[in-house]
1. Answer with yes or no whether Gly60 is surrounded by fewer than 23 Cβ atoms within 10 Å (Cβ to Cβ) and under 18 Å from Thr136 (Cβ atoms).
2. Name the pairs: first residue in region 3-26 and at pLDDT below 95, second residue buried (at least 16 other Cβ atoms within 10 Å of the Cβ) and charged (D, E, K, R), Cβ to Cβ under 8 Å, at least 6 apart or on different chains?
3. Has region 136-153 got any residue that is in a helix (DSSP H, G or I), touching a residue at least 40 places away in the same chain (Cβ under 8 Å) and either at positive phi or within 14 Å of the ligand (Cβ to nearest atom) (or both)?
4. Take the conditions crowded, with 19+ Cβ neighbours inside 10 Å, within 23 Å of the chain's Cα centre (by Cα) and touching a residue at least 40 places away in the same chain (Cβ under 8 Å) and apply them to Leu249. Does it pass?
5. Arg110 - would you say it is touching a helix residue (DSSP H, G or I) at 6+ places or on another chain (Cβ under 9 Å) and either at pLDDT 95 or above or more than 9 Å from the ligand (Cβ to nearest atom) (or both)?
6. Can you give me the number of residues within region 205-254 that are aliphatic (A, V, I, L, M) and part of a loop (DSSP other than H, G, I, E, B)?
7. Name the one entry in Gln203, Gln174 that is out of contact with any strand residue (DSSP E or B) (no Cβ under 6 Å at 6 or more places or on another chain), closer than 14 Å to Leu275 by Cβ and modelled with pLDDT of 95 or more.
8. Inside region 113-132, can you point out the residues that are closer than 10 Å to Arg273 by Cβ and either surrounded by 19 or more Cβ atoms within 10 Å (Cβ to Cβ) or within 11 Å of the ligand (Cβ to nearest atom) (or both)?
Amino acid sequence: MPTITPVLGDITQQEVDAVVNAANNGMRGGGGVDGAIHRAGGPAVLDDCVQRFPDGLATGDAGWTTAGDLPARWVIHTVGPSFRAGERDRGLLESCYRRALEVADELGARTVAFPLISAGSYGWPRRDAALTAAYTVAGTRTDVTDVRLVAFDDDTLTDLRGATIQQTPLRILQAVRVLHRRGQQHARVMASIAPTGMHLRIQVSAQGSDTPTVKYTTGSETSFLDTEVTAATSPAEVADLLENAEPALTRRVSDPDYARWYDGMLSTVERNRALPVARGEHFDSRPGWQIGDERYPHPPEPA
Ligand code: AR6
């Protein structure tokens, strides 16, 4: 899985193997990123578009051309859904990132820069576009090692950073699912908002043992157990870290009800692109954990 780095800049100036273009179905240029890429890349980009895409390109799909005069070697074109025109299926936006990475793999590109697809003329809400970018790239198997998410303004950069930082707690939550699959189903998670209201705390503990819990807070960003945990770290690696930090977690204990609950909870996190909160200062009294806009039932009591 690639490292994800949000940067402020112009997509046309990125020194990477491939830059991604936020194109349209016609594939003959346009405004925004598309206009900038055709201007800076020169006529070779359009010539190649005409040759390779005589019938244009479907929404959610991707394909490549030369990068002409750009520092990059290839342009990977993709067509995001137009939120403004009523195309609101997030699956199509996810598909743009996945397909673009697939094309990068076919080309052998290792470093790829993406703009925030659909978040300009196509009107996709910026924060959701940023979360979709980070979660989808982080969840895609690829040989690309470095993904740059290029923001053209400060607000976009803030959203991209926020979305990228979430990949650390997400990997920790996914590591607990790995422990459960290894048969260590007494590994339990608590997620709460810190009293300042600023940060989410995640605690992992071995149910039924009085050893201390392993703690993480989003305030420590990508640092967990003295290790850098990012989108590029696999859940299994984080599971190993947890086992080393807390030997009680290595015991094999069966608790299928909790494991099932946890699996559903984590799927909801992944689907909603939102970290779970079990309790916090200003929490309303409805039962369950808040995950984005959804309330997920409380975990079953220990057996
Ligand atoms: N470098 C990096 N990001 C940029 C740049 C740049 N040079 N220029 C704009 N952005 P958009 P879309 C940001 O409109 O929403 C075109 O006409 C911009 O601020 O380029 O997918 C195509 O032909 C925004 O955050 O793409 C299509 O018709 C993001 O890049 C349509 O627009 C995407 O904005 C595609 O719309």
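The values are calculated or read from the model by the stated rules, or taken from the named source; none is laboratory data. The structure presented is a predicted model; accordingly, all values stated were derived computationally and were not measured. Neighbour counts are summed over all protein chains in view; Cβ atoms, including those assigned to glycine, are modelled from backbone coordinates with ideal geometry.
1. The answer is yes for Gly60.
2. Every condition considered, no pair remains.
3. First, pick out the residues of region 136-153 that are in a helix (DSSP H, G or I): 136-138.
Still in the list and also touching a residue at least 40 places away in the same chain (Cβ under 8 Å): 136-138.
Now drop any that are not either at positive phi or within 14 Å of the ligand (Cβ to nearest atom) (or both), which leaves none.
Looking through region 136-153, none of the residues is in a helix (DSSP H, G or I), touching a residue at least 40 places away in the same chain (Cβ under 8 Å) and either at positive phi or within 14 Å of the ligand (Cβ to nearest atom) (or both).
4. Judged against the criteria, Leu249 is not a match.
5. Criteria met by Arg110.
6. Matching residues across region 205-254 total 4.
7. Only one candidate passes the filter, namely Gln174.
8. Of everything in region 113-132, those that are closer than 10 Å to Arg273 by Cβ and either surrounded by 19 or more Cβ atoms within 10 Å (Cβ to Cβ) or within 11 Å of the ligand (Cβ to nearest atom) (or both) turn out to be Ala130, Leu131, Thr132.
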